[in-house]
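S.K.: My structure is below; once you've seen it, I'll send some questions.
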Amino acid sequence: MDGARSKIEVFDNPETLAAAIADLFVDCAQTATTERGGFYVALSGGRTPTRAYELLAQEPRTNAVPWKDVFIYFGDERCVPPDDEQSNYLLAKQSFLDRVQIPLGNVHRMRGEEQPDQAAAGYQKILIEDMGADPRFDLVLLGLGLDGHTASLFPGNPLTAETFVEAPYVPKFSAHRITLTPRVINRARRIAVAVEGIEKAEILASVLDKAADPAIYPIALVLPTDGELTWLVDRAAASSLQK
Ligand code: 6PG
C-alpha cells in the first residue's frame, strides 16, 4: 500500500501501542473541538483497541477529552443485539463509554438487532443528519483481520459503493455485517489502523505491499482522499516488514 499521506509508527509492545492509540484519540479530539466545535470519530471493533479504550477512561487522558463535544460512531457492527458479547458497541460501552462523561445522545450505535439493510439505511441517515451530505469523520479507527479485512469489508465483497453504510453478507460467518464503506472511510481527516501481535505480521507485510489487491485484501481500499493514514503497529506485528 502506498500513499503520500500514510505513515507507519512502530511501538515496542501492546501497552505502548494502546497508549499511542489513546493519545491519537485525545489529540484529534482536542484539535477538532477547538477548530470545529465537535469531534466525530468512528470506533473500530475487535480486540486490538480495547486497551486503548480503557486508557481513555483513566487519568490523565479522560480529563483531556472534551466529552460533551465528542460524537461517537462505529466503523462496523455484527448483526446482534447491543447486549450480545459479539457487539462492538458493547465492547466500547464496557471498556470506556460507561466510564466517561459523554452525553448518551452523542453515542450512535449501529442497530445490529434490526434487519441488516434497514439498519444500514438508518445509520446512513444518521451520518447525513449529523455531518451533512458528504460525511467527513475527524478520525476513523480501524483494525486488520488475518484475512486482510478491515471494518466489515471482507475479501470477495469489498464494497466500493457510493453509499456510506452497507450490510454485506459475509459467507465465512454465514451472517450479515453492517459496515462503513470505503467512500466514507476515505473521506476522514485521519484514518488510524491499529495492528498488534506476531499473528498479524504476515498479513501486515502483505497488505503494505504496493501491489496489494483490494479484492484479496479489502484494507487496500483504505486510501484517504485528502486526509492522513497512520498505521500504528507493535514490534511483533511489524516483524515481517522490510527494514
Ligand atoms: C470487527 C472489527 C474488525 C477488526 C479486525 C481485527 O468487527 O471484528 O471491526 O474489522 O478490527 O477483525 O480484529 P482484532 O483487533 O480482534 O484482531
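S.K.: Quick test for you: out of Leu141, Leu146, Leu159, pick the one residue that is of a type outside the set (S, T, N, Q), within 16 Å of the ligand (Cβ to nearest atom), farther than 14 Å from Arg187 by Cβ and surrounded by 23 or more Cβ atoms within 10 Å (Cβ to Cβ).
M.R.: Testing whether each residue is of a type outside the set (S, T, N, Q), within 16 Å of the ligand (Cβ to nearest atom), farther than 14 Å from Arg187 by Cβ and surrounded by 23 or more Cβ atoms within 10 Å (Cβ to Cβ) leaves just Leu141.
S.K.: Give me a count of the residues in region 225-243 that are of a type in the set (S, T, N, Q), within 18 Å of the chain's Cα centre (by Cα) and open to solvent by 60 Å² or more (accessible area, probe 1.4 Å).
M.R.: 1
S.K.: Does region 44-57 contain any residue that is open to solvent by less than 50 Å² (accessible area, probe 1.4 Å), β-branched (Val, Ile, Thr), in contact with a helix residue (DSSP H, G or I) (Cβ under 8 Å, 6 or more places away or on another chain) and without any contact (Cβ under 8 Å) to a residue 60 or more places away in the chain?
M.R.: yes
S.K.: Within region 1-43, take every residue that is without any contact (Cβ under 8 Å) to a residue 40 or more places away in the chain, closer than 16 Å to Pro66 by Cβ and hydrophobic (A, V, I, L, M, F, W, C) and give me the one that is farthest from the ligand (Cβ to nearest atom).
M.R.: Val26
S.K.: Of all the residues that make up region 166-211, how many are more than 11 Å from the ligand (Cβ to nearest atom) and in a helix (DSSP H, G or I)?
M.R.: 13
S.K.: Now for a different question. Kindly indicate the residue of region 212-224 that is assigned to a loop (DSSP other than H, G, I, E, B) and in contact with a helix residue (DSSP H, G or I) (Cβ under 9 Å, 6 or more places away or on another chain) and also least open to solvent (accessible area, probe 1.4 Å) among those meeting that condition.
M.R.: Val222
S.K.: Right, next: Among the listed residues Val41, Val26, which satisfies the condition of being surrounded by 16 or more Cβ atoms within 10 Å (Cβ to Cβ) and farther than 19 Å from Val184 by Cβ?
M.R.: Val26
S.K.: Are any residues in region 103-121 over 19 Å from the mean Cα position of the chain (by Cα) and free of Cβ contacts under 8 Å to residues at least 40 places away in the same chain, and if so, which ones?
M.R.: Pro103, Leu104, Gly105, Glu113, Glu114, Gln115, Gln118 - these are the residues of region 103-121 that are over 19 Å from the mean Cα position of the chain (by Cα) and free of Cβ contacts under 8 Å to residues at least 40 places away in the same chain.
S.K.: State which residue is surrounded by the fewest Cβ atoms within 10 Å (Cβ to Cβ) when the search covers only region 126-138 and only residues that are touching a residue at least 12 places away in the same chain (Cβ under 8 Å) and more than 30 Å from Asp234 (Cα to Cα). Write out each step before concluding.
M.R.: Going through region 126-138, the residues touching a residue at least 12 places away in the same chain (Cβ under 8 Å) turn out to be 126-128, 130-131, 134-138.
From the residues that got through so far, the ones that are more than 30 Å from Asp234 (Cα to Cα) too are 126-128, 130-131, 134-135.
Values: Ile126: 17, Leu127: 22, Ile128: 13, Asp130: 14, Met131: 19, Asp134: 11, Pro135: 22.
By that ranking, first place goes to Asp134.
S.K.: On to the next question. Return only the number of the condition from (1) modelled with pLDDT under 95; (2) surrounded by 24 or more Cβ atoms within 10 Å (Cβ to Cβ); (3) not hydrophobic (A, V, I, L, M, F, W, C) that Tyr123 does not satisfy.
M.R.: The failed condition is (1).
The values are calculated or read from the model by the stated rules, or taken from the named source; none is laboratory data. Since the model is a prediction, treat every value here as computed from it, not as a measurement. Using ideal geometry, Cβ is built from the backbone for each residue, glycine included, and neighbour counts are taken over all protein chains shown. Each accessible area value is taken on the protein alone, full model and side chains, heavy atoms only, with ligands, DNA and RNA left out. Shrake-Rupley method; radii C 1.70, N 1.55, O 1.52, S 1.80 Å.
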